[in-house]
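Student: Encoded as structure tokens, here's the structure I'll be asking about.
The values are calculated or read from the model by the stated rules, or taken from the named source; none is laboratory data. Computed from a predicted model, the values in this text were never measured in an experiment. For neighbour counting, all protein chains shown are included, and Cβ atoms are generated from backbone atoms with ideal geometry for every residue, glycine included.
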Amino acid sequence: MSTVSVVIPCYKYGHFLADCVRSVLDEQPGVDVRVLIIDDASPDDSADVARALAAGDPRIEVRVHERNRGHIATYNEGLLEWADGDYVALLSADDRLVPGALARSAAVLDAHPEAGFCYGRPLRFRHGGPLPAARTRATGSVVYPGQWWLERRFREGTGCITSPEVVVRTALQRKVGGYDPQLPHAGDIEMWMRLAAHADVGYVRGADQAFYRVHGNNMSTTDFGGQLDDLRQRLVAFDSVLDKCGDLLPQADALSLAARTRLARYALRRAYRAYDRGRTDVVPVDELVGFAAQCLPGYAELGEYRALLRRRRVGARAMPYLQPLVLSAVADRGREWLWWKSWERRGI
């Protein structure tokens, strides 16, 4: 039977802990599971809740920080210093696993020693709402070549993993090291890419693997300035992978160009959509353009930048009214050019 070490970092999430731990210890047959709860000096009763859970189950250990060390240091403490099972999973105290998720991932990793980690589909649910119905029967699995999977991340410029749905081979986790403290908001995607540079990637088909809670305290940002920060963090993450694993990636220069081009497109798209939605007063358009220039010297040749120039000519006040007539420069540049020329002839 495979052994799985589950690290549960906690900061002010004591009210979620019991449900999270129950999903790990009571709903994961077929694997031998141990849990470490690390309370990062929570100001509430999280540490007391963790200790009470440990008192009732010998499979639970608890560490309590005297001072707050931050989420990256807390992750690395559990992953690198404590985990000793065949596999390791990192699960935030406000998330939970789908029944049977660990056994499904372990089965893929057991059958494919070339795979360094395994993930599946996460289910998002709103804080305060019911859990969505989860699929618990896998229809199969696939193992992607790590280099292929990694290249796809660079070409898409984003990750495809939330986090709680991942199970990692512990030996590989130790080999590649922990989360990078320089990447507080993009450490996850950087970690998955680093792992994929060293090993193949397993995926569970058909079944859901974890529940991800969506609420106001999630690490991800939704404000417009935060979105720009997210793009900046992603750029640092891609550069970090190339710096740490470049010797394993024969197409490193091509990967860098692909990621930088995609991120520049994302930034310019957000900039021109600010005109469509009448949000130029709150969206940092000039900073987004500056970021695109940082990513790609030839950013002005991109269709998204030409789309932005057209919207600037129309003007921020008029653009929201004309937006239904505007087609994305990426989706159909020709029709947008014809649209623009028709309005240009009318003196706009």
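Student: Kindly establish whether R270 is modelled with pLDDT of 95 or more, buried (at least 18 other Cβ atoms within 10 Å of the Cβ) and of a type in the set (K, R).
Tutor: When the stated conditions are applied, R270 passes them.
Student: Could we say that V108 is under 22 Å from V6 (Cα atoms), part of a strand (DSSP E or B), β-branched (V, I, T) and in contact (Cβ under 8 Å) with a residue 24 or more places away in the chain here? Walk me through it before giving the result.
Tutor: On the way: under 22 Å from V6 (Cα atoms): yes; part of a strand (DSSP E or B): no; β-branched (V, I, T): yes; in contact (Cβ under 8 Å) with a residue 24 or more places away in the chain: yes.
So V108 fails the test.
Conditions (1) of a type in the set (V, I, T); (2) more than 22 Å from E81 (Cβ to Cβ), marked per residue:
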residue	(1), (2)
C20	no, no
S23	no, yes
Q28	no, yes
R34	no, no
I37	yes, no
D45	no, yes
V49	yes, yes
A54	no, no
E61	no, no
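Student: While we're looking at this one, here's another question. Among the residues of segment 250-286, which ones are in contact (Cβ under 8 Å) with a residue 40 or more places away in the chain, more than 22 Å from I189 (Cβ to Cβ) and not hydrophobic (A, V, I, L, M, F, W, C)?
Tutor: Y272, Y275, D276, R277, G278, R279, P284
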